Amino acid sequence: MPVLLDPQRLWGMMLRHWYLLRSSWPRILELAYWPTFQLLLWGFITTFFLTHSSWVAQAAGVLISAVLLWDVLFRSNLGLSLMFLEEMWARNLGQLFISPLRPLEMVGALMVMSFLRTIISVTPAALLALPFFDVWIFDLGLSLVAFFVNLMVMGWAVGILVSALVLRLGLGAESLAWLGIFLVAPISGIYYPIDVLPDWLEPVAWSLPSSYVFEGMRAVLFDNVFRWDLFAGAVGLNVLYLIFCTGVFLYLFGVARKRGLLLQQGE
Amino acid sequence: MADSSHQPDGIAIAARDLEKRFENVTAVGGISFDVRLGSVTALLGGNGAGKTTTIAMLLGLLVPTGGTIYVLGTDILADRHTALPRMNFSSPYVDMPHRLSVYENLLVYANLYGVSEPRDRVRELARDLELEAFLNRPLGKASAGQKTRAALAKALINQPDLLLLDEPTASLDPDTADWVRGYLDDYRRRTGATIVLASHNMAEIERLCDHVLIMKEGRIADRGAPEELSARYGRQNLEEVFLEIARSRNRAGAAR
């Protein structure tokens, strides 16, 4: 019986990206820089709105929590996509796939390392929110875990899809790593409720797990209620998207083997 | 599970009617060959002859448009993951990450190949291949010779039964190239491994190989031991044989 996910091969791939990450302090600092920058920007906007907006005043942490959770989604997606791009930039895909490494093992290892990168990215900003703005996101309790996991998984799904497309289209399409996730940002209801969107756009928004998460976050912060219906919607869609995107990746990996793309990729 | 029903005993690679087309271009045009266990076989041919494409298909990295390949008793097109732990490959055209040190790269690949004591194996190879002086240097800062030795170490990390090498001494100075050839010869003698190498270097092939497949325009133009080929064409050495075949228009395909 063939082993589909071998722990030692997963560990080997994780080591590869851990070594890469630790080889550069600027790289690690940059991971934390953008979320912290975003936090400060939105934190001060929140401080202003607290005295000028009755909506924000009802839940002081709503924009700050939104920015931190958005970064979970963004970093999860970007982390996975960039690590895959690293293999293409390093012309390492050929070496990897003449080893016994399976495509699913690579995806699994990139997921784990993307989780680690996301923790490194958002933890400093989450901690700084307390002294700067008196917001402690961990007050969300277990609902924070539910939001975090759903956004991580959605980020992975988008990252896997982007990796598959870049494998097929080549490095000329590498900007998809950034474009893909920003495409969903305006319709995910990160900073405003979904019903702000035009009627025709709302069904599109409700097809995204992120919309359920951010609506769920507002339900906790404004009404102190954990909406299980929204949680179930996010989980259901995430399962579908993860299966679909992994399927696309495996299919396009097969196409790459037919077209000889694994040997040709590189700068 | 390995299926040896299509592979005769004593054969490491059995390729039949192997073909690869890219749209209207035929890179490899229906070749058949066997590689004996424990032999060193050369794929010899000019640029674009189909050597690298053939090696990529043997590795399962490229899916052929036709034909069958059995490697170490396994149908590589149906189940390459059974054979891959027993194979390895090195080429100057397929890189390893430059930002990782030589040690880190080797440790990563030791884990990918399922080596049981990865750190011990890396240290052993570092000693054997004289990598110790630059083991902790980023690969990107190593010299061409050091990179080649690191790539060779990666190719030997799992002590492969089948080693595929694409131009193993390209861009090396004569001293380093000679050292690499000596090491490969020694490895084959010690382990009984089968080696397939693609090369343009006739002296290298004459020194290392007991069988040669001469490729031209995606087909096998001729085959045999180096001395047999020289005798058949009435030439002094393999280079002259190669030039005659490369410049002839009608021989290609005659020996398929």
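The values are calculated or read from the model by the stated rules, or taken from the named source; none is laboratory data. Only a predicted model underlies this, so the values are computations on that prediction, with no experimental measurement involved. Cβ sites come from the backbone with ideal geometry, for glycine too, and all protein chains shown count toward neighbours.
Values as computed for the structure displayed
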{"quantity": "Per-region count, segment B:54-102, residues among the aliphatic types (A, V, I, L, M) and either outside any loop (DSSP other than H, G, I, E, B) or more than 9 Å from chain A (Cβ to nearest Cβ) (or both)", "calculated": "14"}
{"quantity": "Set A:Ile194, A:Ile160, A:Ile190, A:Ile243: member being more than 30 Å from B:Leu18 (Cα to Cα), β-branched (Val, Ile, Thr) and surrounded by 22 or more Cβ atoms within 10 Å (Cβ to Cβ)", "calculated": "A:Ile160"}
{"quantity": "Every residue from segment B:123-162 that is out of contact with any Leu (no Cβ under 8 Å at 6 or more places or on another chain) and part of a loop (DSSP other than H, G, I, E, B)", "calculated": "B:Glu130, B:Leu135, B:Asn136, B:Arg137, B:Ala142, B:Ser143, B:Asn158, B:Gln159, B:Pro160"}
{"quantity": "Spans of helices (runs of 4 or more DSSP H) in segment A:143-252 with at least 1 residues at pLDDT 95 or above", "calculated": "A:202-205, A:209-223"}
{"quantity": "Any chance A:Leu104 is on the phi < 0 side of the Ramachandran plot, within 14 Å of chain B (Cβ to nearest Cβ) and crowded, with 16+ Cβ neighbours inside 10 Å", "calculated": "no"}
{"quantity": "Residues of segment B:56-80 that turn out to be in contact with a Leu (Cβ under 9 Å, 6 or more places away or on another chain) and either without any contact (Cβ under 8 Å) to a residue 60 or more places away in the chain or under 27 Å from B:Ala150 (Cα atoms) (or both), as a count", "calculated": "16"}
{"quantity": "Residue among B:Gly114, B:Gly38 that is assigned to a loop (DSSP other than H, G, I, E, B), away from chain A (no Cβ under 13 Å), surrounded by fewer than 20 Cβ atoms within 10 Å (Cβ to Cβ) and in contact (Cβ under 8 Å) with a residue 40 or more places away in the chain", "calculated": "B:Gly38"}
{"quantity": "Meets criteria (hydroxyl-bearing (Ser, Thr, Tyr) and either within 13 Å of chain A (Cβ to nearest Cβ) or at negative phi (or both)) for B:Ser171", "calculated": "no"}
{"quantity": "Test: residue in segment B:42-53 that is surrounded by fewer than 16 Cβ atoms within 10 Å (Cβ to Cβ), at pLDDT below 90 and either at the interface with another protein chain (Cβ under 10 Å from one of its Cβ atoms) or in contact with a Cys (Cβ under 9 Å, 6 or more places away or on another chain) (or both)", "calculated": "no"}
